[in-house]
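Undergrad: First the structure, which I've put down as structure tokens, then a few questions once you've had a look.
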Amino acid sequence: MLNQSTLRVVFAVFGILMMALLVGDFAARNWRPEIELRWGWIVYAMGVPGLVLAILLLRADGVPAIFPAGALVFTAWALFGFIVDRMLGIEWRAPILPAVFFPYVILYVVWQVLFWIPMWSIGRIYWAFYTLLFIAATWLNLRTHH
């Protein structure tokens, strides 16, 4: 079993990796949509290692609840997004379909916040890097919905 400090770093690295993947996904959606259509599923597939991370965090002693909560909410978002976007192909972004939009966006924002908050206690450099990637991902995401 990984110790608590190692799990915290794994949590931070996973969060940063996910934000970097989102930056790439949103950049592709803006400038090379064919790439996003072909490879965008990888973002949702990261729900599998997210679930593994959540289980490891839940089993670890002394890990604050925000850590596994972030990984679990991420997993829920990834599963929901995969079903809606990839399996069912529901067009919910334009026009907005409230029954999909609200749960999707709430899960999306909550997992990001639940990763961002603990980054401060793990290391300021993780927090800063995550913050910069979050800003880039948000800007690119908003560009796709002009």
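Undergrad: Taking 0.36 nm per residue of separation and subtracting the Cα-Cα distance, what length does fully extending Leu58 through Glu91 add? Show your work: numbers first, answer last.
TA: Working: separation 33, 0.36 × 33 = 11.88 nm, distance 3.51 nm.
The span from Leu58 to Glu91 would gain 8.4 nm if fully extended.
Undergrad: If you don't mind, there's one more thing I want to ask. Subtracting the Cα-Cα distance from 0.36 nm times the residue separation, let me have the gained length for Val48 to Trp139 in nm, one decimal.
TA: Details: separation 91, 0.36 × 91 = 32.76 nm, distance 2.65 nm.
30.1 nm is the gain from fully extending Val48 to Trp139.
Undergrad: Rounded, prolate or oblate, given the Cα gyration tensor of the stretch 106-146, with a/c below 1.5 counting as rounded?
TA: On the way: a/c = 5.64, a/b = 1.70, b/c = 3.32.
Because a/c hits 1.5 or more and a/b fails to exceed b/c, the stretch 106-146 counts as oblate.
Undergrad: Okay, moving on. Please compute the length gained on full extension between Trp39 and Val10, using 0.36 nm multiplied by the number of residues separating them and subtracting their Cα-Cα distance. Intermediate values should be presented prior to the final figure.
TA: On the way: separation 29, 0.36 × 29 = 10.44 nm, distance 2.41 nm.
Taking Trp39 through Val10 to full extension adds about 8.0 nm, to one decimal.
Undergrad: Moving to a separate point now. Using the alpha-carbon atoms, what tilt in degrees (0 to 90, nearest 10) does helix 4-31 show relative to the longest principal axis of the chain?
TA: That works out to roughly 10 degrees.
Undergrad: Using a 1.4 angstrom probe on heavy atoms only, work out the carbon and sulfur share of the accessible area of the stretch 68-129 in %. Each step should come with its number before you reach the end.
TA: Values: 2750 of 3350 Å².
Answer for the stretch 68-129: carbon and sulfur cover 82 percent of the accessible area.
Undergrad: May I pose another question? Helix 66-81: angle to the longest alpha-carbon principal axis of the chain, degrees 0 to 90, nearest 10?
TA: 20 degrees
Undergrad: Quick one: helix 124-143 against the long Cα principal axis of the chain, what's the angle to the nearest 10°, folded into 0 to 90?
TA: So the helix axis and the longest Cα principal axis differ by about 10 degrees.
Undergrad: Summing -39500 (n - 2.57) over the DSSP H runs of n ≥ 4 in the chain and dividing by its residue number, what mean residue ellipticity at 222 nm do you reach, to the nearest 500 deg cm²/dmol?
TA: Result for the chain: -26000 deg cm²/dmol, rounded to the nearest 500.
Undergrad: Let me ask something else. Give the label of the value calculated from the structure for Cα Rg over 2.2 N^0.38 Å, choosing from (1) 1.05; (2) 1.49; (3) 0.97.
TA: Matching the structure shown: (1).
Undergrad: For the stretch 1-58, just the Cα set please: Rg and Dmax, both in angstrom.
TA: In Å, with Rg to one decimal and Dmax whole: 13.9, 43.
The values are calculated or read from the model by the stated rules, or taken from the named source; none is laboratory data. Keep in mind that what you see is a predicted model, and the values were worked out from it rather than measured. Just so you know, the surface numbers come from the protein's heavy atoms only, side chains and all, with ligands and any DNA or RNA stripped out. Shrake-Rupley method; radii C 1.70, N 1.55, O 1.52, S 1.80 Å.
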